[in-house]
1. What's the long-distance tail for the chain, i.e. % of Cα pairs beyond 23 Å?
2. Would you mind computing Rg(Cα) / (2.2 N^0.38 Å) for the stretch 27-77, counting N as its residues?
3. Report the GluC sites (Glu not before Pro) located in the chain that are in a DSSP loop and have at most 15 other Cβ atoms inside 10 Å of their Cβ, or state none.
4. Loop only per DSSP, at most 10 neighbouring Cβ atoms within 10 Å: give me the chymotrypsin sites (Phe, Trp or Tyr not before Pro) in the stretch 6-90, ordered by residue number.
5. Can you pull the percent of the stretch 15-90's accessible area that's carbon plus sulfur, 1.4 Å probe, other chains left in place?
6. Report, to the nearest 10°, how far helix 10-26 tilts away from the longest principal axis of the Cα atoms in the chain, using its own Cα long axis and a range of 0 to 90°.
7. How charged is the neighbourhood of Ala46? Take every other residue with its Cβ under 11 Å from the Cβ of Ala46, and add Lys/Arg as +1 and Asp/Glu as -1.
8. Exactly which trypsin sites (Lys or Arg not before Pro) in the stretch 26-85 are in a DSSP loop and have at most 11 other Cβ atoms within 10 Å?
Amino acid sequence: MLDDISKTDSIKALQELSEWLETLRAEAEDFRLDHHWAVLRLFDQAAQPHVRKLLYDYFSVQPLSKFQENRLWSLLDGYYTRATCVTTRC
């Protein structure tokens, strides 16, 4: 499943991983805690190259359009919020 994530489109990849985090949060009661953390770790490992690229793009020397800036901010914020909610059950 993680092998099917886009390697070249970081926006699409992070959107997909964010959706999976939401699913993991919703299904958390069905997972043993150690399995829950293992799946979260796998998702995060798959997401980190994309997160780094998008952060690099966001803080690039060349200014982004407001649309691009808001899109990247929302995507990164959404990913981190979902990852936090998976771990804290918010």
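1. Roughly 26 percent, rounded to a whole number.
2. Normalised Rg, Cα atoms only: 1.57.
3. Here the GluC sites (Glu not before Pro) that fit, given the DSSP loop and packing criteria, are Glu27.
4. Sites meeting the loop and neighbour criteria: Phe59.
5. Whole-percent figure for carbon plus sulfur exposure: 56.
6. Approximately 30 degrees, to the nearest 10.
7. Taking every Cβ under 11 Å from that of Ala46, the sum is -2.
8. The qualifying sites are Arg32.
The values are calculated or read from the model by the stated rules, or taken from the named source; none is laboratory data. Because the structure is predicted, anything quoted here is derived from the model rather than measured. Cβ coordinates were reconstructed from backbone atoms using ideal geometry, including for glycine residues, and neighbour counts include every protein chain displayed. For accessibility, only protein heavy atoms count, side chains too; no ligands or nucleic acids. Shrake-Rupley method; radii C 1.70, N 1.55, O 1.52, S 1.80 Å.
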